[in-house]
Structures are given as structure tokens and as C-alpha cells.
Amino acid sequence: MRTLLKISFIYAVIIALMSCSSEDKSGFLTIPVDSDEETSLKLSEITDGSIEAIELELTDQSLVGERITRVLCGKDYIIICERKSIMQFDKTGKFIRKIASVGQGPGEFTSIGDITMDSKNKKIFIKTNAGKMMSYDFDGNFIRESSNEHYREHTKCLNYINNKLLYLSETGVKDESETRNLISLYTIDSNLLKTDSVNVRSFVHNGFWIHPFIDFITYDGKNTYLYYSDISTNPVVLDTLYRIKDKQLIPYLNLNFKNRGLSVGGGKDIYLFNIYRSSRYIFAIYNNELKNPEDTPDKFSSFCYDTKTGKGYNMQGGYFDDIHTGKKVRIRPFHSDSNKFYYLYTEIDENTVEEPNPTLYIGELKR
């Protein structure tokens, strides 16, 4: 009887460990997400050292708004991208120049889909929303542009990794009965022309939100990852992160939400916006429709899973910044190095006549 009890105890422990996270023989990870749980995670618990604060200079040309699509950080420069503005600062926050300008001519844009940089060769790549891919140098000089049918598609993400320019796009294809959205991943050469393509997925277009988190292609210093979301009302939650290897998408991990993120009636309860990982942590941003009604001020939940400890955290409204602001903040990865992250915060002084530019905070994650 005592031996049987020991065996039962050992079996129970094994099952409990497997329920925290599991990995099959191929290395595929399944990570449980308890979307009903509310936990807190301090930035000091996941950062490696201090978080650098950079006050962005405010001038007539460098007013930073709220709708920032991308922040790039190189050895000497910081690039802040909005839909209709690209601002270049030095590493102290001093404004240097605007890159490109609004217009219809060569080197100009009407609005920006995404940007990325090649730090080694000092180039900035810009994908516009009007069918152009452009490149500039770090001194603000226009180099070249290319226009073709692939660049007329909706931009999902642009990233420069391991000497390759990767472009993720989405386009709609209509027939008599429905509209399907096609997701494609392209490799772009030095002349800004497409060289390779991978069909990622197609799905029936069924309404969508404007996506606020476009960190779909990320690099952790070793592997390149891809996540694509479907935040339409289609009754399926795309919960898998892929690794890009040899022009193939290899399933790497999935987030296991309760009932696969669906309601009892089969509708979608979980809207998963993003999954990415650093060397140590796995991150996600999602919305729980049951938990967050329409009038919720910040509907987005942040998830962080520590692969070293096997512990997951669910945070409504973001991470608690116990180093600088004393507020909850939403962090984003530098997509060319996801071991580093950033967030912006504006300190409002009631005695100040003019609202200042936000302060950019840059940190590095534990490994």
C-alpha cells in the first residue's frame, strides 16, 4: 500500500508539472494561459540592470504624438515612426532631422506602413501605404524606391534580420461569395525587389480591428520568429508562434487558452494580438471579451511566461514600472533584438504650459 501511495504521488507530481508547460519530442511548446487570473509583474523582476531614460527633444518638427508605430534604436540614433512622420534623434534625445516627407513624388509618402533599419550599412527602409518600398541613409539622403503590385498590399510588418529584408503583407481577394485575406512573407533584395515568398495563411475576411501591435517578425539573437493574428470575428484563435528557417515556417509554440479562447456558443472570447519571445521570456498581448466590456479603459491584457521558472503572469493594463514612473506601462520589443524593450511615458506637470515630448525608456531583459 505504501509503495502504491508513493507511485500515485510521483504520478500526480508529473501531471502537475506537465500542466504548467509541456514540450513534445519535436521541441514544440504548449504554454497554458489562465486568462481569468490577474497577477502583477514588476519591470525590475525581468530586467537585467537599469532602464535608460531618454528625454526626446521637443521642437517645431519633432512633436511626438500618441500613434507611434515603431521605435528603432541603433548605435548612434533613435528613430521614431508615426503614420505620417519619421523623426531621427541622437542617443541623448536631441532632435536631428525628419526622414522623408509627405507627398507623391520620389522618396515621398502619403502614409507609412512600417520601417526598419540596417545598422551595419546605415540604411533605413520604409514601406509606404501607397505601394512603395523606399530606402534612405542615416544622413536623411534618399537612395532608391521600388513600386510593384506586392507593395500595394496591406503592410503587416517590416524587419531587417541577418542581412535580409523581410516583409509581411496582407491582401484581400474577392470572389462572388466571400473575401479571403492572404498573408504572405517576402524576402526583399538590395534593389528593393522581391526574391522569395512564403504563403503564410489565408482566411475568410469577417470584419477586423485596426491592429495596434505590429511586432510580428522578431529576432532573439538566435532565431527569427513569426506570428500573424486574425482579430476578425472568425471563431478561431491563432495561438501559434512560428520559427522561420530555410524559407519555411516551423511551428514553435502555442498558447493554450481555456476552451481554446472560445465561448460556450463557439464565438471568440479571446482576441490574440501578438506573440513574441526573447531568449528567456514569452510575451503576448490579447483581449478577453468576457472580462473586458466595451467601456473598459484599457482592454488589453499582457502575458509573460518565464521559461526558466515555468511561471506565467497575466496583467491588465501592462507591467508595473517600479524603476521610473511608478505606473503601469506597456512594453514593446525592438524587433531586431527582442531581448531589449522600450516604452514611452509622458510626465504631465500641471504648471507646464506646453506638454512635453514623451520620455523613451529602454531596458534589457534577463536571459
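Here 38, 57, 45 are screened, and the one residue that is of a type outside the set (Ser, Thr, Tyr), at pLDDT below 95 and either touching a Phe, Trp or Tyr at 6+ places or on another chain (Cβ under 6 Å) or not assigned by TED's automatic domain parsing to the domain that holds residue 167 (or both) is 38. Here is the figure for segment 313-367: residues that are more than 19 Å from residue 64 (Cβ to Cβ), of a type in the set (A, V, I, L, M) and out of contact with any strand residue (DSSP E or B) (no Cβ under 8 Å at 6 or more places or on another chain) total 0.
Can you confirm whether residue 261 is of a type in the set (Gly, Ala, Ser) and more than 27 Å from residue 172 (Cβ to Cβ)? Considered against the rule, which asks whether it is of a type in the set (Gly, Ala, Ser) and more than 27 Å from residue 172 (Cβ to Cβ), residue 261 comes out as no. Look at (1) touching a residue at least 60 places away in the same chain (Cβ under 8 Å); (2) under 22 Å from residue 338 (Cβ atoms); (3) exposed (fewer than 15 other Cβ atoms within 10 Å of the Cβ) and you find that residue 258 fails only one, number (2). Among the residues of segment 164-223, the one identified as in contact with a Leu (Cβ under 9 Å, 6 or more places away or on another chain) and among the basic types (Lys, Arg) is 201.
For residue 176, the stated conditions do not hold, so it cannot be described as crowded, with 18+ Cβ neighbours inside 10 Å and out of contact with any helix residue (DSSP H, G or I) (no Cβ under 6 Å at 6 or more places or on another chain). Taken over segment 26-58, the residue count meeting the criterion of being more than 30 Å from residue 290 (Cβ to Cβ) and of a type in the set (Val, Ile, Thr) is 3. Checked against the criteria, residue 286 counts as touching a Ser or Thr at 6+ places or on another chain (Cβ under 8 Å), buried (at least 18 other Cβ atoms within 10 Å of the Cβ) and not basic (Lys, Arg). What do you reckon, is residue 108 charged (D, E, K, R), surrounded by 13 or more Cβ atoms within 10 Å (Cβ to Cβ) and over 18 Å from the mean Cα position of the chain (by Cα)? Yes; evaluated as a whole, the condition is true for this residue.
Across segment 135-156, the qualifying residues are those that are in contact with a Phe, Trp or Tyr (Cβ under 7 Å, 6 or more places away or on another chain) and more than 21 Å from residue 215 (Cβ to Cβ), and the one among them that is surrounded by the fewest Cβ atoms within 10 Å (Cβ to Cβ) is 143. Given the structure, is residue 221 farther than 27 Å from residue 269 by Cβ and of a type in the set (Gly, Ala, Ser)? Answer is yes for this residue. For segment 118-131, name all the residues that are part of a strand (DSSP E or B) and closer than 14 Å to residue 156 by Cα. Hits for segment 118-131 are 126, 127, 128.
If you go through segment 60-85 and keep only what is of a type in the set (Asp, Glu) and either touching a residue at least 12 places away in the same chain (Cβ under 8 Å) or within 18 Å of residue 333 (Cβ to Cβ) (or both), you end up with 76, 82.
Every residue, every condition in (1) part of a helix (DSSP H, G or I); (2) of a type in the set (Asp, Glu); (3) in contact with a Leu (Cβ under 6 Å, 6 or more places away or on another chain); (4) more than 22 Å from residue 229 (Cα to Cα), yes or no:
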| position | (1), (2), (3), (4) |
| --- | --- |
| 252 | no, no, yes, no |
| 276 | no, no, no, no |
| 314 | no, no, no, no |
| 325 | no, no, no, yes |
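Of all residues in segment 347-367, those that are modelled with pLDDT of 85 or more, surrounded by 13 or more Cβ atoms within 10 Å (Cβ to Cβ) and part of a loop (DSSP other than H, G, I, E, B) total 4.
The values are calculated or read from the model by the stated rules, or taken from the named source; none is laboratory data. Here the structure is a predicted model, which is why all the values come from computation and not from measurement. Ideal geometry is used to build each Cβ from the backbone, glycine not excepted, and the neighbour counts take in all protein chains shown.
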